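The values are calculated or read from the model by the stated rules, or taken from the named source; none is laboratory data. All values reported here derive from a predicted model rather than from experimental measurement. FYI the Cβ positions are ideal-geometry reconstructions off the backbone, even for glycines, and counts take in every protein chain you see. Ligands, DNA and RNA are excluded from the accessible area calculation, which covers all protein heavy atoms including side chains. Shrake-Rupley method; radii C 1.70, N 1.55, O 1.52, S 1.80 Å.
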Amino acid sequence: MKYKVIALVVAVVVVAAAGAATLVDRTPTMRYVAQHEDTSVPRADAHQGLSIDPETFSSHLPVIAIDTHGQEIPGDVLYVDGKPIIREDGRTVLTTTPEGATDAQVDVRVYDAQDGSPNTLDGTPALESKALIHYRGHRSREFAKRNYSLHLIDDEGMPRDEKVAGMASENAWVLNGPYLDKSLIRNYMAYTLGQHLHVLAPDVRFCELFVDGEYRGLFLIMESVKEASNRVNLSEPTGKGDATSYLLKMDRPDLDALEIEDLGVITESKRSAISILHPTAEDITPGQVEWITQDMSFIEKSLYSYDYDTADYGYWNTLDVDSFVDYFLFNEFTMNYDAGSYSTYLYKDLRGKLTIGPYWDFNSAFDNYVDTSYASCEGFAMVERYWFYMLTKDEKFTDAVIERYRELRQGLLSDENLQAYVDDTVAFLGDAVDRNWEVWGYTFDPDAVRSGGKLDPDERNPRDYEEALDQLRDFIERRGAWLDAHIEDLRQFSHESAVKMQNH
């Protein structure tokens, strides 16, 4: 797995010659290709002015232009008499094309000059393709700055794998627009930092977006989560039975998802639903659904039983423990408390153990939840999440988390490294930040943003970009300080009881 890294002093990364690729092998069979800009050395042409006029616009970042040919992009929340229509699973009904399709076909151009020259809309595209597009997200679906799901297709409408902004060839992509996150960099930081841990993280690039000639701001072009050779790379079954590698998602109930009725549905009634992403609904057999369900139930039984910490039946026989340690620690450090409940992925290769990941959605992390303030930077919450409620009952797992934390605070998660990460990333973005606020600057005024699209109460919202960055920097310092002083307190959750039942 080859990728470029952000050139900061990180103990766990060995950086080769400038611009060269670095080989980091995190897992033997499942990996994301991660290739990133060197943000510590801003390019000479990083400052291209404030123009968002298509004729005079210029950027050092990749630029994506979408032409809808006058179509409405589907995936909006459908309202009747000012109220959203709600499905029986509690989700909102979404708009479709006039033909009833969930995606509209559009044309996409990607401008990504490789010779250091600025990207302009009258330049030569690095990629031109037809694509299928819809709005995506949960809460973010109703933000003024939208997120998009993009699938490249050929002239016959078949998936078309292409490299985008230097990332590994694939057809499925996500355009994520920082809106609630006024720092603009939470997701980018989390994904790029996460790629040095024992959990998969999507490859990601900053870009600027135009839709039908209108500037839409600073975005992230990201790999979506799917089974593929350059994403979650799983082995194909070789036998004639139902055994299969699989990729799962834990999230809110969804009528359109293929959910499993595993043991966890019984042991944790409030746990989010788990659905199968791979094999796909088109390819999976009833026998494979049953096999995955039983396999998951067997793994869960090894954890939710009196024998969870014994040699023969211990959870480490079925779980990739390193991935669970890093997933717990990274989401706890960033206080990304949707993790373990929503947007949580798991996968298992036939040749391996159940592994948690890839990481996903840090828009609300670092004290950026709409309706919950973590400004104190205190406490633990991942210990209450499914899987981790039991894992932290074992002192071996807890000790592994504490030891790993101490290690990462000397390098990747040190204050020095994280603060430099913020500063270098913002410096790299240059005038792209100001161009973004040419469109979205009004959102610094809480009175101009409707409820749900801002932090509650209004006093939590930054009034300008520097304040947004200061809030992020302050969180990093204070969260690290609190964990430094209290990480050993995790041992309380694995304290042995005189009554065996109370250990479970």
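Summary of values
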item	result
Anisotropy class of region 108-160 from Cα gyration tensor, a/c 1.5 cut	oblate
Positive-end extreme of charge dipole, the chain - chosen from LEU329, PRO62, ASN317 (charges on Cβ)	ASN317
Neighbour cut-off at most 16 other Cβ (10 Å), DSSP loop, trypsin sites (Lys or Arg not before Pro), region 228-317	LYS240, LYS270
Tensor-based shape of region 138-233 (alpha-carbon gyration tensor, a/c under 1.5 rounded, otherwise prolate or oblate)	oblate
Interchain or long-range residues, amide H under 5 Å from ARG216's placed H	LEU209, PHE210, VAL211
Portion, in percent, of the accessible area of region 97-228 that falls on carbon or sulfur, probe 1.4 Å	44 percent
R0 of 22 Å, Cβ-Cβ distance GLU282-SER229: FRET efficiency to nearest 0.05	0.70
Note, ³J(HN,Hα) from phi for region 439-454, Karplus 6.51, -1.76, 1.60, rounded to Hz, x at Gly and Pro	9, 10, x, 5, 6, 6, 9, x, 5, 8, 10, 6, 4, x, x, 8
Cα gyration tensor, region 361-484 - rounded (a/c under 1.5), prolate or oblate	oblate
Cα-based helix-to-principal-axis angle, 321-333 vs the chain, degrees rounded to 10	60 degrees
Linear extension gain, GLU438 paired with THR124, 0.36 nm per residue minus alpha-carbon span	110.5 nm
Pairwise FRET efficiency - ALA448 versus SER373, Cβ, R0 = 25 Å, nearest 0.05	0.70
Amide H within-cut-off set for GLU162, under 5 Å, with H built and near neighbours excluded	GLU170, ASN171
Contour minus Cα-Cα distance for ARG351 and ARG463 (0.36 nm per residue)	35.2 nm
Note, ³J(HN,Hα) from phi for region 110-127, Karplus 6.51, -1.76, 1.60, rounded to Hz, x at Gly and Pro	10, 9, 8, 4, 9, 9, x, 6, x, 8, 10, 6, 9, x, 8, x, 6, 8
Cα-projected label distance for ILE86 with GLN105, points at 7 Å along beta-carbon direction, nm	3.8 nm
Computed accessible area, ARG216, all protein chains, 1.4 angstrom probe, square angstrom	40 Å²
Pairwise label distance in nanometres, GLU261 with ASP489, each label 7 Å out on the Cα-Cβ vector	4.2 nm
Per residue accessible area in Å² of the chain, where ligands, DNA and RNA are left out and the probe is 1.4 Å	43 Å²
Among THR92, SER373, ALA427 - extreme Cα towards positive end, dipole of the chain, charges at beta-carbon	SER373
Counted charge near LYS396, where neighbours are those whose Cβ lies closer than 14 Å (Asp, Glu -1; Lys, Arg +1)	-4
Karplus-derived 3J(HN,Hα), 6.51/-1.76/1.60, for each residue of region 266-279, Hz, glycine and proline x	8, 6, 9, 5, 8, 5, 5, 5, 10, 10, 8, 9, 9, x
Simple Cβ-charge dipole of the chain, Lys/Arg +1 and Asp/Glu -1, about Cα centre, in debye nearest 20	780 debye
Region 280-350-region 425-504 distance, computed between alpha-carbon centres (Å)	27 Å
Contact order relative to length of the chain, as percent, for alpha carbon pairs under 8 angstrom and 6 or more apart	16 percent
Options (1) -0.19, -0.50, -1.00; (2) -0.17, -0.45, -0.88; (3) -0.28, -0.67, -1.09 - which one matches log10 I(q)/I(0) by the Debye sum over Cα atoms at q = 0.05, 0.08, 0.11 Å⁻¹ as calculated here	(1)
Pairwise FRET efficiency - GLU156 versus THR97, Cβ, R0 = 30 Å, nearest 0.05	0.95
Segment VAL77-ARG139, length gained on full extension (0.36 nm per residue, minus Cα span)	21.3 nm
For SER245, distant residues with modelled amide H under 5 Å away	LEU350
Neighbour net charge for GLN492 - beta-carbon separation under 12 angstrom, K R +1, D E -1	-2
Set LYS145/LYS249; LYS249/LYS270; LYS130/LYS163 screened for pairs whose C-alpha atoms are more than 19 Å apart	LYS145/LYS249
Computed helical MRE - 222 nm, the chain, DSSP H runs ≥ 4 contributing -39500 (n - 2.57), nearest 500	-6500 deg cm²/dmol
